[in-house]
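Since the structure comes first, as structure tokens, the remarks are kept for the end.
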Amino acid sequence: MTRPLQSYTEGAWHDGDGESRPLLDAATGETVATIPARGPDPARMLAHAREVGGPALRALTFQQRAAILKALARHLSGHLDEFAELSTRTGATRRDTAVDVDGGIATLAVYASRAARELPDATTLPDGGLEPLGKGGTFAGRHLFTAKPGAAVQVNAFNFPVWGMLEKFAPAFLAGMPSVVKPASQTSYLTELVVRRVVESGLLPEGTLSLLCAGPAGLLDGLGSQDTLGFTGSAATAFALRTHPVVAGRSVAFNAEADSLNCSVLGPDVSIGDPEFELYVEQLVTEMTVKAGQKCTAIRRAFVPAPLADAVADAVSARLSRVTVGHPGEAGTDMGPLAALAQREEVRAAIGRLSAGAKLVFGDPGRVEVAGADPERGAFLSPVLLRCDDPRAGAVHEVEAFGPVSTLLPYTGLEEVIGAAALGDGSLTGSIVTHDREVAARLVAGLAPWHGRLLVLDRDDAAESTGHGVAMPQMLHGGPGRAGGGEELGGLRALTHYMQRTAVQGHPDFLRLLAE
């Protein structure tokens, strides 16, 4: 029986109203759940978070909050099999689920561990030491972080229904801010299940986590200057949220992590047969097929030295020809479907726009062999590799096909590839595959202003590398320009997005007390 999704606030689960929309299994087209047009009053949800959740959370020290996160990570780990089973219906293979579900829970654990080791058993956080402001030693200043008395609202994307929530929730919780979560509708049934298990654990103070499984109407209207708004999704939606009259007019702290045209550069020092050649090919195929390419960090632009372009195209095509597209629950499936039929049509349309200036190297956007499922009822799509011999051509630096699609771009020199990469106008991540430290240093210096994160990959670090597309909780996740201009994660740096930094001046003895 299809289950209607509910929202959680004020200590209870609530049914929605208005017309409901079916949410379909990505592989079979069967209805998994329905989501209502309207949920609880967003203004009441925000008020409950601020007035009940916030005070309860701020009464706890950083160490107490860390202990709760540690226990929560352990509790959720006990439900991995249940989460993985439902995750399959989003189109995720077990490998895909490991990135989303296992990765989200691991992020909780990392934040709990870092906080336990590095944060004080206090409720305020000093930023730096004392700054003398007088000659006699009786007057000084220091900077102090305190929790904002608002709510941390997060609006998430369909591709990471668990990680997207938990990677924002963990630092907000540690900082002392309650969270109000609005998941993307298409995969919100998985978010709802995880929140149910969180609530059932009894570990969180009431009001510190609320869930809106319904349309977003009214949510932004209730935001105030002490709230924060975190968004993951498209650049177009990020722009709409950033310029919303309430967000702009009330100076609501806004952070966006937007899809971007991430690149990977194969160094000019690499030859066929080098370990770096194989690493580049393997990484590109991985980024095209994990989560069917539906990752904001996936490689969209693959820059290769012009003399190696044919060899890379052949090697990538050979690997892709061995990829089994099929039902995500089948053990032999390498790549599952996209999240929805509508998403497949969007990707096909984007491939059409890219093809105006590029030629097809591998795959057929209109046809795919599928194992264990109907290729039309499910949102299946073949991996598609394109090639554009002009590395500065417009479409490839403007159009993103948010699926298993990448474009090879031959280049002739480092300055050319640095300039071409910059045409993407800002990316979340980029990678450099080279065994030449001088090449790596030049590329890092040229690419860094346009990227939030860079991976330098070679034979020496490959065994331990976490990969191009994986956002580690210890490292910054975000990027300039098209990528949203925001920052997430980055270890305990993330807490400061949910806190106010204030300069406090007075007697040094008093200021020292603020750090205890």
> If you line up the long axis of helix 437-447 against the longest principal axis of the chain, both from Cα atoms, how many degrees apart are they, to the nearest 10?
Replying inline: 70 degrees
>> With a 1.4 Å probe and all protein chains kept in place, how do 13, 450 rank by accessible area, largest first?
In response: 450, 13
> Residues with beta-carbon under 14 Å from that of residue 216, excluding residue 216: net charge, scoring Lys, Arg +1 and Asp, Glu -1?
Replying inline: +1
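Suppose accessible area is computed on protein heavy atoms with a 1.4 Å probe; arrange 460, 100, 274, 390 from highest to lowest. Each step should come with its number before you reach the end.
Details: 460 105, 100 0, 274 45, 390 80 Å².
Sorted descending by solvent-accessible area, the residues read 460, 390, 274, 100.
Please compute the Kirkwood hydrodynamic radius of the chain from all pairs of different C-alpha atoms, in Å with one decimal.
Details: mean 1/r = 0.0418 Å⁻¹.
It is 23.9 Å.
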>> Between 0 and 90 degrees, rounded to the nearest ten: what's the tilt of helix 62-77 against the longest Cα principal axis of the chain?
In response: 40 degrees
>> Explain nothing, just the number: dipole magnitude of the chain about its Cα centre with +1 on each Lys and Arg Cβ and -1 on each Asp and Glu Cβ, in debye rounded to the nearest 20.
In response: 1260 debye
> Taking only Cα atoms, what is the 0 to 90° angle, nearest 10, from helix 188-201's long axis to the longest principal axis of the chain?
Replying inline: 40 degrees
>> Quick check on the chain: of the DSSP beta bridges with both residues there, what percent are antiparallel, nearest 5%?
In response: 40 percent
> Using modelled backbone amide H atoms (1.01 Å from N, in-plane), which distant-in-sequence or interchain residues come within less than 5 Å of residue 479's amide H?
Replying inline: 485, 486
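Expressed as a whole percentage, what fraction of the accessible surface of the stretch 369-516 belongs to carbon and sulfur atoms when a 1.4 Å probe is rolled over the protein heavy atoms? Write out the running numbers ahead of the final one.
Details: 3140 of 6250 Å².
Carbon with sulfur: 50 percent of the solvent-accessible area.
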> Assigning unit charges at the beta carbon (Lys, Arg +1; Asp, Glu -1) and nothing else, what dipole magnitude in debye, to the nearest 20, does the stretch 112-175 show about its Cα centre?
Replying inline: 80 debye
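Work out the FRET efficiency for residue 356 and residue 500 from their Cβ-Cβ distance, taking R0 = 51 Å, and round it to the nearest 0.05. Present the calculation step by step, with values, prior to reporting the outcome.
Working: r = 49 Å, r/R0 = 0.96.
Computed FRET efficiency for residue 356 and residue 500 comes out at 0.55.
Excluding ligands, DNA and RNA, what is the solvent-accessible area per residue of the chain at a probe of 1.4 Å, expressed in Å²?
Working: 19830 Å² over 516 residues.
Spelled out: the 1.4 Å probe surface of the chain, per residue, equals 38 Å².
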> What residues of the stretch 464-501 lie in the reach of a label at residue 117, counting those whose backbone N is under 12 Å from a point 7 Å from the Cα along Cα→Cβ?
Replying inline: 474, 492
> Roughly what % of DSSP beta bridges within the stretch 1-86 run antiparallel, to the nearest 5?
Replying inline: 80 percent
> Once the dipole of the stretch 277-322 is set up with Lys and Arg at +1 and Asp and Glu at -1 on Cβ about the Cα centre, which of 303, 313, 289 lies farthest towards its positive end?
Replying inline: 289
>> Of 280, 356, 54, which is farthest towards the positive pole of the chain's charge dipole, taken about the Cα centre with +1 and -1 on the beta-carbons of Lys, Arg and Asp, Glu respectively?
In response: 54
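What ranking, highest mean first, results for peptides 428-434, 347-353 when packing means the other Cβ atoms within 10 Å averaged over each residue?
Details: 428-434: 27.7, 347-353: 17.1.
Highest to lowest by the protection proxy: 428-434, 347-353.
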>> Let me check I've understood the local charge: for residue 108, count other residues with C-beta under 13 angstrom from its C-beta, Lys and Arg +1, Asp and Glu -1. What total comes out?
In response: +4
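When you count, for each residue, the other Cβ atoms within 10 Å and take the mean per peptide, how do 318-325, 159-166, 391-398 rank with the highest first?
Working: 318-325: 15.8, 159-166: 27.6, 391-398: 18.2.
With the highest mean Cβ count within 10 Å placed first, the list reads 159-166, 391-398, 318-325.
Relative to the Cα centre, what is the charge dipole magnitude of the stretch 369-415, using +1 at the beta carbon of each Lys and Arg, -1 at the beta carbon of each Asp and Glu, and rounding to the nearest 20 debye? Spell out each step's value before the answer.
Working: 3 positive and 8 negative charges, 10 e Å.
It comes to approximately 40 debye.
So, by mean Cβ neighbours within 10 angstrom, what's the order for 169-180, 259-270 with the highest one leading? Spell out each step's value before the answer.
On the way: 169-180: 28.3, 259-270: 25.8.
Order by mean packing, descending: 169-180, 259-270.
So, R0 is 45 Å and r is the distance between the beta-carbons of residue 444 and residue 371; what FRET efficiency does that work out to, to 0.05? Provide the component values of the computation, followed by the final result.
Values: r = 41 Å, r/R0 = 0.92.
Result of the calculation: an efficiency of 0.65.
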> Between residue 286 and residue 20, what FRET efficiency comes out of the Förster formula 1/(1 + (r/R0)^6) with R0 = 51 Å and r the beta carbon distance, rounded to 0.05?
Replying inline: 0.85
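The values are calculated or read from the model by the stated rules, or taken from the named source; none is laboratory data. All values reported here derive from a predicted model rather than from experimental measurement. Glycine also receives a Cβ, built like all others from the backbone with ideal geometry; neighbour counts cover every protein chain displayed. Surface areas here come from the heavy atoms of the whole protein model, side chains and all, with no ligands, DNA or RNA. Shrake-Rupley method; radii C 1.70, N 1.55, O 1.52, S 1.80 Å.
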